[in-house]
């Protein structure tokens with residue numbers, strides 16, 4: 001009879017007594033042992049789960065959630081005048097606005113479901129930071145996914161960001177409501193359809209593996225002739241009817257000047273959806289879903305800032321010649337590795353012609369022009385990814401007029417920290433590699449600095465850093 005639910009029931013005083021134990025520990029066994037020793041009652045794991053639900057702090061109400069978000073950002077909602085129901089609501093934090101102003105050239109937009117019990121769809125607008133991570137800058141919920149709903153989201157996005165002219169490309173799936181809304185509200189931006197969704201649409205029309213392989217090649221074809229080629233008449237009729245009229249949005253051969261920043265698919269926003277859904281539940285009301293999303297955004301910002309500080313203290317080895325190292329030191333490891341990998345393909349490159357303003361590079365069978373004054377190249381690597389291509393690095397190593405400042409002029413978004421304030425990063429070829437203990441101490445110092453910056457005021461943090469620097473000066477000869 002000891003294990004009977006009636007005898008396992010805890011009184012009010014017993015619940016108050018066991019509540020600190022439930023809050024302090026995450027192990028179910030500790031709570032079970034405490035209840036058996038203190039009250040002589042044998043509980044189950046289900047009882048402990050119910051106790052945690054009782055002692056868990058209550059979620060704030062809807063007005064409190066909006067007030068909390070407005071303390072560190074902006075909130076907008078659209079209420080139906082006839083029914084009084086909120087059809088759309090969105091928010092953006094101040095830190096997300098600053099993040100968009102730094103890295104808002106390419107924006108990925110997508111929606112997801114099953115995040116709340118009210119049936120609202122969650123939209124995320126994600127940008128790519130200098131470390132190659134997808135960072136959300138705007139979140140919105142809508143009851144329906146019509147063109148007018150997405151248009152309202154984009155208008156509020158434009159209002160909160162104050163200026164969206166820096167966005168050159170929107171990447172999305174093949175949803176017609178999103179495409180039409182972006183075309184009407186963001187006239188200056190180009191539209192790119194996710195390559196994965198295009199390939200999935202192709203695979204639904206045929207089961208032939210050879211035809212599927214050909215259709216997948218259409219997305220990444222380098223020349224227009226590859227796109228026009230035909231294999232199966234029925235499949236090609238489908239491609240020509242539905243996809244060829246909008247080939248500039250999905251075929252690589254027809255968008256040579258489109259900025260992508262290594263976003264050929266919507267993987268970054270899909271990854272952001274999957275990470276966010278770990279904190280959400282389909283039974284949560286809308287205001288609870290918003291509050292959890294807000295807490296998740298704050299947690300992501302702190303984690304990314306600490307990761308950047310720790311990453312800046314590490315040394316990185318790049319397989320590149322010595323003349324290229326001064327350029328790689330200015331970039332994050334994500335961008336520097338891609339630049340070094342692209343430069344390793346320069347075995348067949350040569351300079352055909354060069355003047356005071358430009359140089360023509362022969363890369364296998366293609367000719368590319370590098371301009372000194374504009375700091376640009378006509379190749380797809382520079383135009384699509386905004387990193388120094390192998391042609392620019394070759395000209396820099398052979399022609400002294402093309403200096404480091406000119407090479408880095410249009411690639412500052414991949415710099416450490418602020419794109420306007422480049423920071424030189426230690427490189428293994430030019431700086432002696434520190435020992436393991438020094439690296440551990442540097443990481444510990446950076447973590448302490450991050451904690452101080454989060455918990456104390458700016459004046460206190462600045463005074464502590466100045467005192468530390470003055471102490472270091474005593475050891476410098």
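Laboratory data are not the source of any read-out in this text; all were calculated from the coordinates shown. For clarity, every value in this text was computed on a predicted model and none was experimentally measured. Heads up, the Cβs are rebuilt from the backbone with ideal geometry, glycines too, and the neighbour counts pull from every protein chain shown.
Stretched out straight at 0.36 nm per residue, the stretch from residue 204 to residue 59 would grow longer than its current Cα-Cα span by 47.7 nm.
Sorting 180-193, 351-364 by average packing, meaning the other beta carbons within 10 Å per residue, from highest down gives 180-193, 351-364. If you average 1/r across every pair of different Cα atoms in region 5-55 and take the reciprocal, what Kirkwood value do you get, in Å? So the Kirkwood estimate lands at 10.7 Å. From the alpha carbon centroid of region 10-53 to that of region 122-139 is 41 Å. Note on residue 248 and residue 399: their simple-model spin labels are 3.1 nm apart, each label 7 Å out from Cα toward Cβ. In whole Å, how far is the Cα centre of region 140-189 from that of region 313-387? Cα centroid of region 140-189 versus Cα centroid of region 313-387: 34 Å apart. Here the simple spin-label model places points 7 Å from the Cα toward Cβ, and for residue 301 and residue 94 these points are separated by 0.9 nm.
Distance between the C-alpha centers of region 261-298 and region 58-78? Whole Å please. Measuring centre to centre over Cα atoms gives 17 Å. The simple spin-label model puts a point 7 Å past each Cα toward its Cβ; for residue 180 and residue 348 those points are separated by 4.7 nm. To the nearest whole percent, what portion of all C-alpha pairs in region 322-414 is separated by more than 19 angstrom? Across region 322-414, Cα pairs with separations above 19 Å total 31 percent. Fewest neighbouring Cβ atoms within 10 Å first, the residues 199, 379 line up as 199, 379.
Computed packing ranks the peptides 127-137, 95-105 as 127-137, 95-105, most packed first, by mean other Cβ atoms within 10 Å. Can you tell me the 0 to 90 degree angle between the C-alpha axis of helix 147-161 and the longest principal axis of the chain, rounded to 10? Its long axis makes an angle of about 90 degrees. Which FRET efficiency value, to the nearest 0.05, is calculated for residue 240 and residue 196 with the Förster distance at 22 angstrom and r the Cβ-Cβ distance? Rounded to the nearest 0.05, the efficiency is 0.55. Per the Debye formula on identical point scatterers at the alpha carbon atoms of the chain, with no solvent, log10 I(q)/I(0) at q = 0.06, 0.09, 0.10 Å⁻¹ is -0.39, -0.82, -0.97.
Relative to the dominant Cα principal axis of the chain, helix 267-277 is inclined by about 0°. With neighbour counts taken as other beta-carbon atoms within 10 Å, the residues 196, 331 rank, fewest first, as 196, 331.
Of 241, 304, the sequence from fewest to most neighbouring Cβ atoms within 10 angstrom is 241, 304. Let me know the shape class of region 23-112, please: from the alpha-carbon gyration tensor, a ≥ b ≥ c as square roots of the eigenvalues, rounded when a/c is under 1.5, otherwise prolate if a/b is greater than b/c, or oblate. It is prolate, given that a/c is not under 1.5 and a/b is the larger ratio. Relative to the dominant Cα principal axis of the chain, helix 436-455 is inclined by about 60°.
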